[in-house]
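Read-outs: derived from the displayed coordinates by stated rules, not from any lab. Because the structure is predicted, anything quoted here is derived from the model rather than measured. Heads up, the Cβs are rebuilt from the backbone with ideal geometry, glycines too, and the neighbour counts pull from every protein chain shown.
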Amino acid sequence: MGAATTSPMPQIQISVALLELNGKQYDLEVRLGGTVAELKRMARPVLQVPVQFQQLIIGEAVVHDDEPISKYVTDAAKPLLVTFYFSDGGLLAHESLAARCAAIDDLTKVVHGGRRQIIEVFITLSADENEVCRHAAVSALARVAHLADERFLEAIVARLLDSNKLIAVTAVQTLAKAAESGNEEARATLLEFVECIEDQEDMMLQLAIIEACVKLPQAHGRRIVRSLCGIFHSSRNTRVRCAAKHAAAELAKRNRGRSSSRSDAQRCDRACDFEAGQACDFEAEQAAQ
């Protein structure tokens, strides 16, 4: 006779009430024989927090990844109360740049969830002394620009004049996204920056500003076109001048569609002439090249 076979023991599941400090609760099911690390992996999708940034408390104890859940279960029929709080565990201040970048990358993957603690991490990192970290932080903030508040905008504005022009360009793009989402403070700040475009010497930054200006409300069209005309006439860079010309044309076309008075229509016509190539000095320069 063959050896008797035994069926695997059924896995006992217990209920976990995962609580945040703000009172929010998530109901999970976890194996009684599982570990704290397993619970963290199950909690990741609902918390939108990587496991290495989760700290869990059961009773009065901060629990560790390798501990069995069963250690803290006194009655399997009742939900196990577990409290979560966000902590970087020193990862973001690690002496190794590679370790810091890995932690930043993990947070970037979940920043879209809009968790305030994660946004605050990136706001702080936007002023980091390391350029790689600053750029990663501003890029991450761009993903949640629709959630921009005063502290968020202060961090982005500070990076508009970053010595690293790639970071400055990303800051302009982030500000533009916040403005596009309807943030009035972001719109006002971007408009001021557009009007100072001639003060910027870096070509990539000028191009980013020109691209961003079309995301401002049509009500500011005249002020924006005036700034675009200014950079068109003052710049010696063909790419910048072409970008300014086409952006002014786009705004002019929008304004033409909403113009109700004859004077408005005439202004729009002049701006469209600008786009059509009526700026003679531009054409002459093109012909000479």
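Electrostatic tally near Arg159: other residues with Cβ closer than 12 Å to its Cβ, Lys and Arg +1, Asp and Glu -1, net -2. For region 160-244, the set of GluC sites (Glu not before Pro) satisfying both a DSSP loop assignment and a count of at most 16 other C-beta atoms within 10 Å is given as Glu201.
Less than 5 angstrom separates the built amide H of Leu81 from those of Ala17, all sequence-distant by 5 or more or on a different chain. Spin-label pair His246-Ser70: with each label point 7 Å from Cα along the Cα-Cβ axis, the two points sit 6.7 nm from one another. What pairs in Lys109/Lys177; Lys40/Lys177; Lys40/Lys165; Lys109/Lys253 have C-alpha atoms more than 29 Å from each other? Over 29 Å apart, Cα to Cα: Lys40/Lys177; Lys40/Lys165; Lys109/Lys253. Its Cα centre serving as origin, region 95-195 has a Cβ charge dipole (Lys and Arg +1, Asp and Glu -1) of approximately 340 debye. Highest mean packing first, where packing is the average number of other Cβ atoms within 10 Å per residue, the peptides 100-109, 244-253 line up as 244-253, 100-109. Of the beta bridges in region 1-145, as assigned by DSSP with both residues counted there, near 75 percent are antiparallel.
Simple spin-label estimate for Glu201 and Gln11 gives 6.3 nm between the two label positions (7 Å along the Cα-to-Cβ direction from each Cα). This model, with +1 at the C-beta of Lys and Arg and -1 at the C-beta of Asp and Glu, gives region 1-112 a dipole about its Cα centre of some 240 debye.
On the basis of the beta-carbon distance and an R0 of 41 Å, Glu38 and Ala99 show a calculated FRET efficiency of 0.95.
Quick one: net charge of Leu190's neighbours, Cβ under 14 Å, K/R +1, D/E -1? That sum, taken over residues with Cβ under 14 Å, equals -1. Under the shape rule built on the C-alpha gyration tensor, where the axes satisfy a ≥ b ≥ c, region 95-195 is oblate, since a/c reaches at least 1.5 while a/b does not exceed b/c.
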